[in-house]
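In what follows, a structure is listed as structure tokens, so that the remarks can point back to it.
The values are calculated or read from the model by the stated rules, or taken from the named source; none is laboratory data. Bear in mind that the values here come from a model prediction, so they are computed numbers and not experimental data. Here the Cβ is made from the backbone with ideal geometry for all residues, glycine too, and neighbour counts use every protein chain on show.
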Amino acid sequence: MTELQNIEIPTTENKSFGAKYREFMDKPVTRGVLPVVGLLIIIALFAILTGGKIIQPFNISLLLSQTYMLMIAATGVFLIMTMGCLDFSQGSMLAIASIVICYLSTYSLPLAILGGMVTGGAIGAINGFFLVKRKMPSFIVTICTMFLFRGLCAYLTTNSPVYAIGDINKYNTMTIELTLTAIVLLLVYLLFHFTKLGSNLKAIGAGETGARFAGIKVEKTKLLVYIAAGMITGFAAFINVIKVGSVTSTSGNMMETQILIALVLGGLPISGGAKVRFTNVIVGVLTYKILSTGLVMMGFTTQMQQLIEGVIFLIVVAIFSDRKSIQVIK
Amino acid sequence: MEEVILRAENVNKSFGITHAVKDVTLPFNKGEIRGLIGENGSGKSTLMSMLLGIYSIDSGKFILDGKELNVNNQVEANRNGVSIIVQEMGTLSGLTVAENIFLGNEDRFVKFGIKNTTAMNREAQALLDKYGFNRIDATMMIDNYDFEDRKLIEIVKATYFDPKVLVIDETTTALSQSGRDELYKHMNRIRDEGNTVIFISHDLAEVIKYTNSISVLRDGVLIDTVQSSDVTEDDLKKLMVGRVLDDRYYRTDYGEAVSDDVVLSVKNVSVPGEIKNMSFELHKGEILGIGGLSECGMHEVGKAVFGASYDRTGEVTLADGTPINSITTAIKHSIAYASKDRDNESLVINDSISDNICLPSMDSLRVNNILLNKHLNEFANKYAKLISVKMVDVNQFVSDLSGGNKQKVVLARWIGKNSDIVVLDSPTRGIDVKVKADIYALMSEMKKQGKSIIVISEEIMELLGMCDRILVMKDGALSGEFMRSPTLTEEDFIAKMV
């Protein structure tokens, strides 16, 4: 009785609508194709609603320029979420790493990039430590560190914003940013698909105990992935700095939620596991950015945008949640 | 003429590709105790779970007292006069005894939206006293009572409202003799009051002694219903297995010497609350059995050898002195482990067959440091086919497979890893006869290849039939050792177990 309880799949001919719907949603093809279809629909929808404005070259490059930072940071969080964990400290991490990059940019640019990555990695290590050594659920740990580093960021920017070296915006070109983003995506893609990293992370997300008994060093992997995701976000902070040139107390605000929404829009199951695909990152971030940019172009206020995004997020999570494993978010 | 109280009509249930209950039509009479027997996975528990509304029915129906029974959960079933005492813990921790007894029926003590706890406690205590369980205090938290008392409380919970049909699902194995006697007493009382008891048990002697008639299920199909007074245990076994039960699928060789080479030694190993000071050695090409009661600590021995126990003391070492202290070192040094908890420990349940088979072997599957999906799938396919896993393809999720096929995936993983020391905990638990035979054949084959196997099992016949040497455990420590012999009997074994 116990062993059969969680695999209830009706197979008789007269299936209810609900059963058919669940079966459809469980097909791997559905999960792969639906987000892409969603992206195309959103592009078409906003192309119509904005009278073609959103697909003009100028607006596309504007859209892209706002996408790089989120895309890079989301790549790290993608690895975390594949394990069924979450990270809410990303925004504050980005802010702190940006401050470090600003300070160091007056000395040397490579040093600044390195400093940003080390800072992100260190915050990731703090998250990973409490998660692994203190056995705390990841969303509790990272909500705490979010407040901690948000506070630190506010303290460091109390009197005035922190400025980077004046000429840093000369790097703010599409060529540089697009190249850097592509490099990060490609690196993580290769690691995810052509080493055991991908399978190991998916296995941890799909069943942590089972993964441990298959010889995966679950604790070590978690710690390293949090550090790596931190470093990736530290790198995203560099893009942030060359774009903005300074850091205020609200830098990176809400980025963690934007990443979460983007990844879920891309079809990533919120509990991670074996159904995760790398394309979730790219499709998701593009969908999210087009959605929010489209809403801006249509003249919605920020408050209204948040409301609409919230509703869409809820609907997508409801559609994509995997009932069998939703209870295991760590 | 006997009066039928409950009738199952053409009831079907499938889990994925497993057809667990096939077209079962079965009447139960008023005022009888009906035994329901069958091997693991024969569909007994599934059938009863549908009766109680725990599982939905794929097709068919249950007719109770002339009316179709249509319930979605146990509380609704209770209101219709059907109740169950389950195999596992059926009471909820963190609630009082009284709250447990009236769980789902608190409404009767509610007036104007306020629950009258005093009245509830009073009534619960009155019931406990009536059943003769005066020593249990209705106001206490249920956690203050041990497993046995909690089962007694479950008896009260399941029977105080005089159900028309009471299902008892393998409850007796968890009870001591006095607890069993209490249960038998109440079974008889319920029958004498003109109601019906459906009694599920693996203990055939018990079934024959305490029931009026017995229904036998095999692979989800109803085989026969017989009068308890007309049958012997052997008759029932025959009905359950479908042929004269012989030892054909066990090994038939006796007296072959096992190599003196020790491949693994366990020295003074203890795990708090589980095992005390265990020491033994495993030889090359040996099948070593470990048996005992389920709670004797034997399952922890498998984990200890695999480096998976928490707070283990003592030493587990290989022939060359390498200590095994973690799962990764165990796997690296060619130790394989199939856990009793197949869904959580042996497998990554929500992952593909391919990933499950490949996970421990990833490092050896790299070509020029690159891992290609194609190679993974080829590897998985090769070993899944080798032991004929029933599947669509290797991308299918293991959660869709039947128990026997899941176990085959576990074995495919370790055969693929080419492990030299294989620890199998309850390898045939919940697995049908055919797959069982496959697994035994596989064990013999591994032995022939010089691999060493530790089999931990609750099934004594399996140990007697397959092992070169058997260790018996009791209360976390070794209590006996038997060498393979055709004259060794179950009785010799049980004497050391209890």
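Would you be able to say whether some residue in the stretch B:439-453 is surrounded by fewer than 24 Cβ atoms within 10 Å (Cβ to Cβ), more than 14 Å from every other protein chain (Cβ to nearest Cβ), within 25 Å of the chain's Cα centre (by Cα) and small (Gly, Ala, Ser)? For the stretch B:439-453, residues surrounded by fewer than 24 Cβ atoms within 10 Å (Cβ to Cβ), more than 14 Å from every other protein chain (Cβ to nearest Cβ), within 25 Å of the chain's Cα centre (by Cα) and small (Gly, Ala, Ser): present. Selection of first residues in the stretch A:209-228 that are polar (S, T, N, Q) and of second residues that are part of a helix (DSSP H, G or I), restricted to Cβ pairs under 9 Å at least 6 apart or on distinct chains, gives the following pairs, ordered by first then second residue: A:Thr209/A:Val218; A:Thr209/B:Asn344; A:Thr209/B:Glu345; A:Thr221/A:Leu197; A:Thr221/A:Asn200; A:Thr221/A:Leu201; A:Thr221/A:Ile204; A:Thr221/A:Ala211.
Considering the stretch B:400-417, the residues that are at pLDDT below 85 and of a type in the set (Gly, Ala, Ser) include one that is nearest to B:Ile439 (Cα to Cα), namely B:Gly404.
The rows are residues; the columns are (1) in contact with a Cys (Cβ under 7 Å, 6 or more places away or on another chain); (2) surrounded by fewer than 17 Cβ atoms within 10 Å (Cβ to Cβ); (3) not small (Gly, Ala, Ser).
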position: B:Ala138; (1), (2), (3): no, no, no
position: B:Glu170; (1), (2), (3): no, no, yes
position: B:Glu182; (1), (2), (3): no, no, yes
position: B:Asp234; (1), (2), (3): no, yes, yes
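The residues of the stretch B:385-422 that are out of contact with any Lys or Arg (no Cβ under 9 Å at 6 or more places or on another chain) and charged (D, E, K, R), listed by number, are B:Lys385, B:Asp393, B:Asp400, B:Arg413, B:Lys417. Candidates are the residues of the stretch A:91-145 that are among the polar types (S, T, N, Q) and surrounded by fewer than 17 Cβ atoms within 10 Å (Cβ to Cβ); the one that is farthest from A:Ala164 (Cα to Cα) is A:Ser108.
Looking across the stretch B:365-389, the residues that are more than 9 Å from chain A (Cβ to nearest Cβ), part of a loop (DSSP other than H, G, I, E, B) and surrounded by 14 or more Cβ atoms within 10 Å (Cβ to Cβ) come down to B:Ile387, B:Val389. It is to be established whether one or more residues within the stretch B:17-32 are over 27 Å from the mean Cα position of the chain (by Cα), hydrophobic (A, V, I, L, M, F, W, C), under 23 Å from B:Ile208 (Cα atoms) and more than 10 Å from every other protein chain (Cβ to nearest Cβ). Within the stretch B:17-32, not a single residue is over 27 Å from the mean Cα position of the chain (by Cα), hydrophobic (A, V, I, L, M, F, W, C), under 23 Å from B:Ile208 (Cα atoms) and more than 10 Å from every other protein chain (Cβ to nearest Cβ).
Just one of the listed residues (B:Tyr184, B:Tyr160) is out of contact with any Ser or Thr (no Cβ under 6 Å at 6 or more places or on another chain), farther than 24 Å from B:Asp107 by Cβ, in contact (Cβ under 8 Å) with a residue 24 or more places away in the chain and of a type outside the set (D, E, K, R), and it is B:Tyr184.
Take A:Ala125 and decide whether it is hydrophobic (A, V, I, L, M, F, W, C) and under 15 Å from A:Leu223 (Cβ atoms). Considered against the rule, which asks whether it is hydrophobic (A, V, I, L, M, F, W, C) and under 15 Å from A:Leu223 (Cβ atoms), A:Ala125 comes out as yes.
Only a single item in (1) among the hydrophobic types (A, V, I, L, M, F, W, C); (2) out of contact with any Cys (no Cβ under 7 Å at 6 or more places or on another chain); (3) without any contact (Cβ under 8 Å) to a residue 60 or more places away in the chain is not met by B:Val409, and it is number (3).
Among the residues of the stretch A:158-171, none qualifies, meaning not one is surrounded by 24 or more Cβ atoms within 10 Å (Cβ to Cβ), in a helix (DSSP H, G or I) and among the β-branched types (Val, Ile, Thr). For the stretch B:1-40, which positions are out of contact with any helix residue (DSSP H, G or I) (no Cβ under 6 Å at 6 or more places or on another chain), of a type outside the set (Asp, Glu), outside any strand (DSSP E or B) and modelled with pLDDT under 85? Scanning the stretch B:1-40 gives B:Met1, B:Ile17, B:Asn40.
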